[in-house]
Amino acid sequence: MYCKGMMRNALMVSILLAYAGFARAERPMAVDDAGTLDRGGAKVEFGWAKDGKVRGFEGAVGYAPIDDLELEFDFGRARDHEPAHTETIRALGAVVKWVPLKSDVGLSAGLKYEYINERVLGDASAHGQALTGLFTWSFEAGPLLHVNLGREWVDADDDGDAANVWGVGLDVPLTEQLHVTVETFGAQHARPDRQIGLRYEIAEGLKISGAVGRGNDRNIANVGVAWEF
């Protein structure tokens, strides 16, 4: 029983540390931007994601109660299809994003704090936190360059783990509605992941997106829809 629990704890930690930041950035990117919703604005997101053998659905709701501050609540349910330990995983999280420096052209910067609880249904659980510095450079021609630098802490049944995390992403508008995204991101002691995606605004505030990538001997992908209002 002890060995089985340790294996599950290792699985939880590996899932939590697989991303540069627990919460998803603007879909389909993993690298977040230094920006928030306008005061009084809200968003709803829903999508499907794959990380190696782990596949499932995820969602988020967000709200900006004041200028420069955004609150977000995340939820997800996934299944690890690894034959040796097929598990169902549930996740709940919260995010506080503060971006006091904003610029239409040039540098924007802020901080993001995240908390997540993941549980293998009926068994082990893991709690994670992350603090990330967010930097975005807006070019006059339209592209956005995002840089994330931070640290994540994971506590799985009293066995702690931590890692520095990073990410660099480029968001390039091909047309007013269609954007292509290219990014690389990772955690300490792991090789980088790389991902490319597309985002299309089908109506004002309503966007669909998808991305595919690879890293650390596994494939990653996500598709989804987001509505800001």
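The table for this structure:
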{"read-out": "Spatial separation of Cα centroids for segment 156-229 and segment 78-125, in angstrom", "value": "13 Å"}
{"read-out": "Förster radius 35 Å - calculated FRET efficiency between LEU92 and TRP137 (Cβ-Cβ, nearest 0.05)", "value": "0.60"}
{"read-out": "Helix 2-16 vs. the chain, principal-axis angle (Cα, 0 to 90°, nearest 10)", "value": "10 degrees"}
{"read-out": "Calculated diffusion of segment 40-162, Stokes-Einstein form, Kirkwood radius summed over Cα pairs, 20 °C and 1.002 mPa s, µm²/s", "value": "130 µm²/s"}
{"read-out": "13 Å beta-carbon shell around LEU134, net charge (K/R +1, D/E -1)", "value": "-3"}
{"read-out": "Rounded to the nearest 10 Å², the accessible area of VAL223 at probe 1.4 Å", "value": "80 Å²"}
{"read-out": "Theoretical gain in end-to-end length, TRP48 to SER103 [0.36 nm per residue, Cα-Cα removed]", "value": "16.6 nm"}
{"read-out": "Cross-link partners of LYS43 among lysines (Cα-Cα below 28 Å; sequence separation of 8 or more within a chain)", "value": "LYS97, LYS102, LYS112, LYS207"}
{"read-out": "Rounded to whole Hz, the Karplus (6.51, -1.76, 1.60) HN-Hα couplings of segment 66-83, x for glycine and proline", "value": "9, 4, 6, 10, 10, 10, 9, 10, 10, 8, x, 9, 9, 10, 8, 8, 4, x"}
{"read-out": "Net lengthening on full extension, TYR113/ARG191 (0.36 nm per residue, minus Cα-Cα)", "value": "25.7 nm"}
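The values are calculated or read from the model by the stated rules, or taken from the named source; none is laboratory data. Just so it is clear, the structure is predicted and the values come from calculations on it, not from any experiment. So basically every Cβ, Gly included, is an ideal-geometry build from the backbone, and we count neighbours across all protein chains shown. Ligands, DNA and RNA are stripped out before the accessible areas are found, and what is left, the full protein with its side chains, is counted by its heavy atoms. Shrake-Rupley method; radii C 1.70, N 1.55, O 1.52, S 1.80 Å.
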